1. Using 0.36 nm per residue, how much length does the chain from ILE10 to THR48 gain when fully extended, once their Cα-Cα distance is taken away?
2. How many percent of all Cα-Cα pairs in region 210-292 sit more than 14 Å apart?
3. Which ³J(HN,Hα) values, rounded to whole Hz and listed in residue order, are derived for region 269-284 from phi using the Karplus coefficients 6.51, -1.76 and 1.60 in 6.51 cos²θ - 1.76 cosθ + 1.60 with θ = phi - 60°, glycine and proline given as x?
4. Stokes-Einstein D for the chain at 37 °C, 0.692 mPa s, Kirkwood Rh over Cα pairs, in µm²/s?
5. Express as a percent, rounded to the nearest 5, the fraction of DSSP beta bridges in the chain (both residues included) that run antiparallel.
6. My understanding is that a pair violates if its Cα-Cα distance is over 27 Å; which of LYS139/LYS316; LYS44/LYS136; LYS132/LYS251 do that in this structure?
7. Hey, got the dipole for the chain? About the Cα centre, +1 on K and R Cβ, -1 on D and E Cβ, debye to the nearest 20?
8. Grab the Cα-Cα distance for ASP293 and ALA347, subtract it from 0.36 nm times how many residues apart they are, and report the gain in nm with one decimal.
Amino acid sequence: MNYQKILYEILILAGISGLLATLIVVAKAILQNYGDCEIDINGKRKVTVKGGSSLLTVLAEENIFVPSACGGRGSCGACKCKVIDGGGPVLPTEKPYFTPAELSDNNRLACQVKVKNNIKIEIPEEIFNIRKFKAKVAKVEEFTYDIKGVTFDLISPREIDFQAGQYVQLRSPKYGKIRESVTRAYSISSKPSLENQLQLIIRKVPEGICTTWVHDFLKVGQEVEITGPYGDFFIRDTQADIIFVAGGSGKAPIKSMLEDLAEKGCQRKMSYFFGARTAKDLYLTDYMDSFKDKFPDFTYYPILSHPEATDNWEGKTGFVMPHFPDALRDPKNTEAYLCGSPGMIAAVTKGLKELGVPEDKIYYDSFA
Ligand SMILES: Cc1cc2nc3c(=O)[nH]c(=O)nc-3n(C[C@H](O)[C@H](O)[C@H](O)COP(=O)(O)OP(=O)(O)OC[C@H]3O[C@@H](n4cnc5c(N)ncnc54)[C@H](O)[C@@H]3O)c2cc1C
Ligand code: FES
């Protein structure tokens, strides 16, 4: 009898919770129904969107792809734009990315601005050249235990026009226990003249949503969605010497740059420093070394910080920076191209400046 009473009370409680949950959903739908909102872009174009999502999302639905390297998490600062009117208050998540002057000049992060009413924005014109591609996995190569090279055939559009060093954004679908689809930035490792294909070099991040999908689920023949090209990491057209510094998957844009420069018959003095822990972190070593036959003055420096006895390593050891003087003949006339983690970029920039490389000649892409 007591059991019946307990069961009855549980049912009543479950009913009340269900009703409350339904009421919350209905109230949310009513309160957050912002209806149609008009976005005025650069004073030249107007689009009407459903309010309630981020500016980044609604623009993407209109095939306007604002760079969003972190996939809209507010952690990369790539989605900067100007919101002249209707953007609401600046969020605390946005403030670290702007100076007070930039904030008063209406700069915002598109992923943090929620569209609730008509908005007036300004975005760089080149954003209109960023396109969405349907692509198919053509080849997957195991470069190391945690780095894969993935080659995609472009299906539609069939061609991509980019500058060596730029990146694309790859969308991973829902898979396994992961119930969200995310986009992540990956530098293009193939050369621009290979218009119908794209190659990416992707390092597996433990528990990482997109990289786990790439490493454990993505198969040859599978179709994917890519947008791009994005970014301003490309070789400046000068005659200065070049020093590249990039370990791990940071090799991706450097590979693309070297292939492109080789095709263009570049005569500049170049050195590439690739830092790794042990021999098992090295990859494409012979290929990188082979660029010495394509340029008049090129040296590839693979450097191991923690070589193991079994590596039988006879090359350079330690950290990369102490080896820079071997390559710098005229620091003031040297450009540096760095790619990797924010920590590595900060440390190498400091080291290069101390050696006399001008700060305005140090270019980088941070895999933040
Ligand atoms: C411009 C740009 C270009 C990039 N190009 C490349 C590239 O060519 N190849 C490549 O492999 N990656 C590249 N990245 C990094 C890439 O965009 C993703 O951040 C990375 O692959 C992790 O994605 P995920 O979804 O697997 O991990 P998430 O699910 O995003 O992250 C899971 C956890 O790992 C942490 N985490 C995220 N990234 C890293 C990391 N790199 N190392 C350690 N911990 C991390 C997060 O803080 C989080 O706690 C680039 C990033 C930028 C901004
Ligand atoms: S998309 Fe990264 S901060 Fe907005």
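1. Values: separation 38, 0.36 × 38 = 13.68 nm, distance 4.74 nm.
Value of the extension gain: 8.9 nm.
2. Numbers: 2487 of 3403 pairs.
Percent of Cα pairs beyond 14 Å in region 210-292: 73.
3. Listing the rounded values in order: 6, 9, 9, 10, 9, 10, x, 9, 6, 10, 4, 6, 9, 8, 7, 6 Hz.
4. Taking Rh from Cα pairs, D becomes 141 µm²/s.
5. Beta bridges within the chain, antiparallel portion: roughly 65 percent.
6. Among LYS139/LYS316; LYS44/LYS136; LYS132/LYS251, the Cα-Cα distance tops 27 Å for LYS139/LYS316; LYS44/LYS136.
7. 1020 debye
8. Difference between extended and current length: 16.3 nm.
No value in this document is a laboratory result; all are computed from the given coordinates. This one's a predicted model, so the numbers in the text were calculated from it and none came from an experiment. With ideal geometry, Cβ positions are generated from the backbone for all residues, glycine too; neighbour counts draw on all protein chains shown.
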